[in-house]
Every structure is written in C-alpha cells, then in structure tokens.
1. Once you have the Cα-Cα distance between Thr103 and Asp168, take 0.36 nm times their residue separation minus that, and quote the gain in nm to one decimal.
2. Which cross-chain or sequence-distant (5 or more) residues have an amide H under 5 Å from the amide H of Leu26, H modelled 1.01 Å from N in plane?
3. What is the set of long-range amide H partners of Val108 at a cut-off below 5 Å, with H atoms built 1.01 Å from backbone N?
4. So for region 180-272, considering every pair of alpha-carbon atoms, how many percent are separated by more than 24 Å?
5. Restrict the search to region 65-124; then list the trypsin sites (Lys or Arg not before Pro) that DSSP places in a loop and that have at most 11 other Cβ atoms within 10 Å of their Cβ.
6. If you line up the long axis of helix 118-127 against the longest principal axis of the chain, both from Cα atoms, how many degrees apart are they, to the nearest 10?
7. Per 0.36 nm of contour for each residue apart, how much would the distance between Asp214 and Ser160 grow if the chain were fully extended, relative to their Cα-Cα spacing?
8. Once you compute Rg and the Kirkwood Rh from C-alpha atoms, what is the Rg to Rh ratio for the chain?
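Only the coordinates and a few stated rules stand behind these numbers; no lab work does. On a predicted model such as this, the values are computed, not experimentally measured, just so you know. Cβ placement follows ideal geometry from the backbone for every residue including glycine, while neighbour counts extend to all protein chains displayed.
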Amino acid sequence: MGVFDSGLGGLSVLRAVRTALPHEPLVYVADSRYAPYGERDDDFIVDRTMAIGQWLVARGAKALVVACNTATAQSIAFVRERLSIPLIGVEPGVKPAAALSKTRVVGVLATAVTLRSLRFQALLDRYAADCRFICQPGHGLVQAVERCDTRSPELMALLSGYLQPMLDAGADTLVLGCTHYPFLDEAIRSIAGDRLQIVDTSVAIARQLERQLDLHGLRAAPSASAPLPLFYSTADGESQRQLAATLLGIDTRVQHVVIPSRRTQSLESDAA
C-alpha cells in the first residue's frame, strides 16, 4: 500500500495508518525535492501526483493514500480516474471543527493552494452558515518541518503571527489543513495553551482506508509481526529518516528515488 506526500507531513498519516492497520505492508514516498507543493502551480501538482501514483502501482501498491492536502485538493479527481486502485485523499477538518466550536469562530491553517482550491471552498460553503472561518496560509511552515525545525525562535515567531489574530477574534478551534502541521502541535499549544482545540484528520483518513480495503477485499491477513514500512525520497532523505525515528520510532534507511514526470524530466536529466 502506498502513502505519498510532497514531503514529510504524510508521516503523521502513516503513523495513524500503522496503528489502524498494523499488518499492512506500507511504502512511503516523499517528493521532498519538489516540496512544498503549496507554492507550485496546479499543473505541476497534478503531474507529480500522477507520476508517483503510477510508480507505486507499478510496484504493486493495492491502494494509495494521497497524504497531502494540497495534492488532494488539486489532483485527486484527475488521478482517481486514471489509476486502477482505490485512492484516499485528505482534506481539512472543516466539518468536525464546525461541530466542535462553541464560539463559532474557527481558525484554519493551510497552504495557499489548499485554501484557494474549489474543493476547500465547497467545504467552507457547506459548513460556514453559522460559523466564521479565519483562513491563514501557513507560508514557511512546511519548509520548517522539512528541515526538522519545530521549536526554533524563528518558527515560534512565525507561528505566533499566524495564530494570534485567530485568538484575538475569539477562535476556539484550529483546523490543521496540512499534514506537515501536526509536527507543530507542541509549538501551537505553547502559544495558544488550551484556548484552541486542534483538529487533525489523520485518524479519520486511516479509518477510511480501512473501509476501502474491506470493501474491495484487499486487507492483509494477520501476521506474527508488523512489517516495517519502506521509505523513499526524491531528495537525500536525511530529514525523513530523522522524523521517522522521532515520530514513528523507526530508524531505518530512506532510499533515494528518481520519479520523472512531464514537468520535471529536464530537471532530472540535468541532475544526472
């Protein structure tokens, strides 16, 4: 089973998937060479998602989790029509946040691409009737996580600048609209204390994957021990190795992989 993200954020989803489905063999691909997707154009995001999905299918993936809000928002409909396996995407937890909020003011922290997507706007339209959503692009946060920075003074100042206007407006709930952002949970709590309930949809994604595997008769048979995931990166993989060790307790090799696509073919050729 494949789990794919533009970088390292999808490791938060991988953690939830391993908890829900401990017997499933997992392959995680981080397209870190081209992260963050939130600063890429829509065609680039579709191109990379399709190429990595095809790469995983060619290696036997029976289902694919697109563990990236930006890639889901911009490409999952296109890719789902073209791959022969079940696809599970992610989306910001607007619905559960609207149900949780007592003040009816909710902060949303996401990439600029996710916030401008039609998929996200449709979510807001559906649940914003009696709830005010304060949407903040998290410029710089993905890059911080990609370099394993979750507590530096610079990161804390950046995060505080995003969160304080939400708190000042009376927000009591925060949607983490990017799978990188759960790595910043501790930093967020140190700024907001208990004033914000944090909505992270990783567990819901794992449950949806479980349902899809059962629906298609694809669930792996129980085994004596849980298989370790295989990790691939289009970059050097060192940050991925460090975060996998910290977050998942798995200190293992991250294999470098080149996955050419229409938009990156010349870049890959130049690097060869």
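1. Values: separation 65, 0.36 × 65 = 23.40 nm, distance 1.23 nm.
Gain on stretching Thr103 to Asp168: 22.2 nm.
2. Leu230
3. Ile134, Cys135, Gln136, Val175
4. On the way: 2235 of 4278 pairs.
Taking all Cα-Cα pairs of region 180-272, the fraction more than 24 Å apart is 52 percent.
5. Working: sites: Arg80, Arg82, Lys102, Arg104, Arg116, Arg119; in loops: Arg82, Lys102, Arg104.
Here the sparse-neighbourhood loop sites are Arg82, Lys102.
6. 40 degrees
7. Details: separation 54, 0.36 × 54 = 19.44 nm, distance 4.24 nm.
My answer for the length gained is 15.2 nm.
8. On the way: Rg = 18.1 Å, Rh = 18.9 Å.
Computed over Cα atoms, the ratio is 0.96.
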